[in-house]
Amino acid sequence: MARKHRRLTVAAVLAAVLTVASQVAAAPARAANPYERGPAPSTAGIEAATGPFAIARVTVARSGVTGFGGGTIYYPTSTAEGTFGAVAISPGFTASQSSVAWLGPRLASQGFVVITIDTLSTVDQPAGRGAQLLAGLDYLTRTSTVRTRIDATRLGVMGHSMGGGGSLSASVSRPSLQAAIPLAPWHTTKSWSSDRVPTLIIGAESDTVAPVASHAEPFYTSLPATLDKAYLELNNASHSAPTSTNVTVAKYSISWLKRFIDNDTRYEQFLCPAPSGAAIEEYRDTCPHS
């Protein structure tokens with residue numbers, strides 16, 4: 001009888017194990033972030049000159065658009081992973097898109113559709129540049145040849161100098177944007193308390209055109225404390241630092257865009273805790289982001 005009882009006990013245990021296993025198997029898998037694009041990030045990967053996506057470019061003629069001065073689109077050639085978020089980038093006062101052109105392929109190869117715009121006039125003020133950034137995004141998502149590659153709900157803006165001020169203006173005008181990155185921004189408006197767009201401001205320590213003390217720093221401070229925001233100051237850098245290849249600008253711009261346009265928390269490791277190093281004079285943020 002004892003042997004039979006043991007056999008029954010073993011059978012009962014096995015039945016219970018199988019029941020639990022079947023319940024686990026039947027439980028729905030946790031949904032992955034549908035906006036993740038590309039492999040798991042690494043420092044080497046986001047510091048590299050090119051990311052994991054092959055890209056192509058399209059020239060946008062000034063005569064073929066309204067609301068901005070034409071530009072260049074950079075985009076991933078494969079849509080195997082789905083659609084992509086998009087970013088519009090404006091140059092600064094008296095400059096053309098060539099001053100921010102290096103960011104086009106750099107960001108696109110990480111999984112974004114990017115348009116670097118020319119402005120209607122090289123002397124357009126920040127508010128005008130903000131409106132033109134939005135016009136560039138509207139063109140991308142509505143009538144451009146790459147519109148089917150873009151998720152129109154996941155958009156961001158960037159800009160240098162007055163273009164950086166323009167990205168702040170665009171954010172206030174369109175709070176549905178997912179991210180903004182003003183680079184050495186210049187603007188006569190100093191308070192951005194109504195801004196609701198996650199914003200990374202990159203200033204330059206030795207900037208004499210848009211000194212951080214009167215531009216980038218008060219812009220950052222004025223942003224709501226409840227907002228996802230960060231301030232990165234480039235060590236011993238001039239106003240023109242973001243207009244040529246800069247690993248620090250690229251690394252943290254990619255991380256910010258990935259985190260907030262793609263909702264990809266894998267990139268938080270590069271933003272929180274606060275990064276440091278020889279290239280960074282100062283970093284402030286509202287970490288944690290998630």
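The values are calculated or read from the model by the stated rules, or taken from the named source; none is laboratory data. In this text, all values refer to a predicted model and were calculated from it rather than measured experimentally. So basically every Cβ, Gly included, is an ideal-geometry build from the backbone, and we count neighbours across all protein chains shown.
Out of contact with any Ser or Thr (no Cβ under 9 Å at 6 or more places or on another chain), aliphatic (A, V, I, L, M) and either under 21 Å from T43 (Cβ atoms) or modelled with pLDDT of 95 or more (or both): is that true of A213 in this structure?
Yes, satisfied.
Could you grab me the full set of residues in the range 94-111 that are in contact (Cβ under 8 Å) with a residue 60 or more places away in the chain, aliphatic (A, V, I, L, M) and not in a helix (DSSP H, G or I)?
Passing the criteria: A95, V100.
Among the residues of the range 248-257, are any under 15 Å from P182 (Cα atoms), in contact (Cβ under 8 Å) with a residue 60 or more places away in the chain, among the charged types (D, E, K, R) and in contact with an Asp or Glu (Cβ under 7 Å, 6 or more places away or on another chain)?
Yes, because at least one residue in the range 248-257 is under 15 Å from P182 (Cα atoms), in contact (Cβ under 8 Å) with a residue 60 or more places away in the chain, among the charged types (D, E, K, R) and in contact with an Asp or Glu (Cβ under 7 Å, 6 or more places away or on another chain).
I'm trying to understand the selection: among the residues of the range 270-286, which are outside any strand (DSSP E or B) and free of Cβ contacts under 8 Å to residues at least 60 places away in the same chain? If you could, list the steps in order and put the result at the bottom.
From the range 270-286, those outside any strand (DSSP E or B) are 270-279, 286; that's our starting set.
Residues satisfying the conditions are L271, C272, P273, A274, P275, S276, G277, A278, A279.
Hey, does the range 242-250 have a residue that's surrounded by fewer than 15 Cβ atoms within 10 Å (Cβ to Cβ) and touching a Ser or Thr at 6+ places or on another chain (Cβ under 6 Å)? Give the derivation first.
Taking the range 242-250 and keeping what is surrounded by fewer than 15 Cβ atoms within 10 Å (Cβ to Cβ), we get 244-245, 247.
Among the residues that remain, those that are also touching a Ser or Thr at 6+ places or on another chain (Cβ under 6 Å) are: none.
No, there is no match, as no residue in the range 242-250 is surrounded by fewer than 15 Cβ atoms within 10 Å (Cβ to Cβ) and touching a Ser or Thr at 6+ places or on another chain (Cβ under 6 Å).
Which of the following residues is within 30 Å of L271 (Cα to Cα), of a type in the set (S, T, Y) and modelled with pLDDT of 95 or more: T43, T66? Working first, answer last.
On the way: T66 fails: within 30 Å of L271 (Cα to Cα).
Exactly one of T43, T66 is within 30 Å of L271 (Cα to Cα), of a type in the set (S, T, Y) and modelled with pLDDT of 95 or more, namely T43.
Test R106 against the stated conditions and say whether it is among the basic types (K, R), crowded, with 19+ Cβ neighbours inside 10 Å, more than 22 Å from N263 (Cβ to Cβ) and modelled with pLDDT of 95 or more.
No: the conditions fail for R106.
Does any residue of the range 66-89 turn out to be surrounded by 14 or more Cβ atoms within 10 Å (Cβ to Cβ), touching a strand residue (DSSP E or B) at 6+ places or on another chain (Cβ under 7 Å) and part of a helix (DSSP H, G or I)?
No, because not a single residue in the range 66-89 is surrounded by 14 or more Cβ atoms within 10 Å (Cβ to Cβ), touching a strand residue (DSSP E or B) at 6+ places or on another chain (Cβ under 7 Å) and part of a helix (DSSP H, G or I).
Taking the residues in the range 255-274 that are within 28 Å of T189 (Cβ to Cβ) and surrounded by 16 or more Cβ atoms within 10 Å (Cβ to Cβ) as candidates, determine which candidate is nearest to the chain's Cα centre (by Cα).
So, considering only residues that are within 28 Å of T189 (Cβ to Cβ) and surrounded by 16 or more Cβ atoms within 10 Å (Cβ to Cβ), the one nearest to the chain's Cα centre (by Cα) is L257.
Condition first: loosely packed, with under 13 Cβ neighbours inside 10 Å and not in a strand (DSSP E or B). Now tell me which residues in the range 51-61 satisfy that.
Answer for the range 51-61, where residues must be loosely packed, with under 13 Cβ neighbours inside 10 Å and not in a strand (DSSP E or B): A54, A61.
Just a yes or no: is a residue in the range 172-188 aromatic (F, W, Y) and in contact with a Leu (Cβ under 8 Å, 6 or more places away or on another chain)?
Filtering the range 172-188 for residues aromatic (F, W, Y) gives 186.
Restricting the remaining residues to those that are in contact with a Leu (Cβ under 8 Å, 6 or more places away or on another chain) gives none.
The answer is no; no qualifying residue exists.
Might you let me know whether the range 192-203 holds any residue that is out of contact with any helix residue (DSSP H, G or I) (no Cβ under 7 Å at 6 or more places or on another chain), over 15 Å from I89 (Cβ atoms) and either buried (at least 24 other Cβ atoms within 10 Å of the Cβ) or of a type outside the set (K, R) (or both)?
Checking the range 192-203: not a single residue is out of contact with any helix residue (DSSP H, G or I) (no Cβ under 7 Å at 6 or more places or on another chain), over 15 Å from I89 (Cβ atoms) and either buried (at least 24 other Cβ atoms within 10 Å of the Cβ) or of a type outside the set (K, R) (or both).
For the range 79-93, does any single residue satisfy the condition of being at negative phi and without any contact (Cβ under 8 Å) to a residue 12 or more places away in the chain?
Checked against the condition, which is being at negative phi and without any contact (Cβ under 8 Å) to a residue 12 or more places away in the chain, the range 79-93 yields at least one hit.
With the condition kept exactly as written, say whether any residue in the range 143-157 is over 22 Å from Y75 (Cα atoms), of a type in the set (D, E) and in contact with a Ser or Thr (Cβ under 7 Å, 6 or more places away or on another chain). Full working, then the answer.
Pass one, the range 143-157, residues over 22 Å from Y75 (Cα atoms): none.
No - not one qualifying residue is present in the range 143-157.
For the range 228-261, which positions are outside any loop (DSSP other than H, G, I, E, B), β-branched (V, I, T) and over 17 Å from Y283 (Cα atoms)?
Matches in the range 228-261: T243, I261.
Hey, can you tell me all the residues within the range 116-147 that are surrounded by fewer than 19 Cβ atoms within 10 Å (Cβ to Cβ), touching a residue at least 60 places away in the same chain (Cβ under 8 Å) and farther than 19 Å from G64 by Cα?
none
Could you tell me which of the residues V146, V209, V157, V197 is of a type outside the set (D, E, K, R) and over 24 Å from S96 (Cβ atoms)?
On the way: V146 fails: over 24 Å from S96 (Cβ atoms); V209 fails: over 24 Å from S96 (Cβ atoms); V157 fails: over 24 Å from S96 (Cβ atoms).
Being of a type outside the set (D, E, K, R) and over 24 Å from S96 (Cβ atoms) holds for just one of V146, V209, V157, V197, which is V197.
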